[in-house]
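Heads up, the thing below is written out as structure tokens.
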Amino acid sequence: MDKKNKKDLGRWGEDLAASIVSRMGYEILMRNVTFRGGELDIVALDGDELVILEVRVRTKGKVQSPTESVGPRKVKRLLRAGSLLVERLEWDGPWRLDVMGITLGGDVAKGYECEYIKDITLGMI
């Protein structure tokens, strides 16, 4: 997959994820927030908790599922960027990192499966 198609697929996945979490009652605050060394896909409110949502899209048959592809290095980057955002917003409430993995059945027309993992740091932040 070339870089342009990969970027389009990522944008499609982020749009889908934003739609899903909106239906779950989250309020989308920002998307594609860029910091030195990282990007936050979706920033939302779940009640009184700030949520930083990482979105991953993969096609069926990959070795790792989309959620498994978020390893320790990526979590560390998300924590660093999240901390910068919290500081910039002067947010003093709770916040967490969530991951949404979207697995495509070959192409978008064949459907998709979503896996949502809430609080990937298990309340450690």
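The values are calculated or read from the model by the stated rules, or taken from the named source; none is laboratory data. Small disclaimer: the values here were computed from a predicted structure and weren't measured. Glycine also receives a Cβ, built like all others from the backbone with ideal geometry; neighbour counts cover every protein chain displayed. Heavy atoms of the whole protein, side chains included, go into the accessibility calculation; ligands, DNA and RNA do not. Shrake-Rupley method; radii C 1.70, N 1.55, O 1.52, S 1.80 Å.
Please give, to one decimal in nm, the separation of the simple spin-label points placed at residue 27 and residue 87, each 7 Å out from Cα toward the Cβ.
2.6
So, with +1 on the Cβ of K and R and -1 on the Cβ of D and E, and no other charges, what is the size of the charge dipole of the chain about its Cα centre, to the nearest 20 debye?
That gives a dipole near 780 debye.
Determine the relative contact order of the chain: mean sequence separation of Cα pairs under 8 Å and six or more apart, normalised by residue count, in whole percent.
Relative contact order, the chain: 22 percent.
Against the longest alpha carbon principal axis of the chain, how many degrees, from 0 to 90 and to the nearest 10, is the axis of helix 3-23 turned?
60
When you have a sec, figure out the Kirkwood radius of the stretch 15-125 from all distinct Cα pair distances and drop it here in Å to one decimal?
About 14.4 Å, per the Kirkwood formula over Cα pairs.
Using a 1.4 angstrom probe, figure out how much accessible area the stretch 1-113 has per residue, in square angstrom, rounded to the nearest whole.
Solvent-accessible surface per residue comes out at 59 Å².
What do you get for the angle between helix 72-89 and the principal long axis of the chain? Use alpha-carbon atoms, 0 to 90 degrees, nearest ten.
With rounding to tens, the tilt is 50 degrees.
Looking only at the stretch 37-62, which residues have a backbone nitrogen under 16 Å from a spot 7 Å from the Cα of residue 115 in the C-beta direction?
Label zone hits: 54-62.
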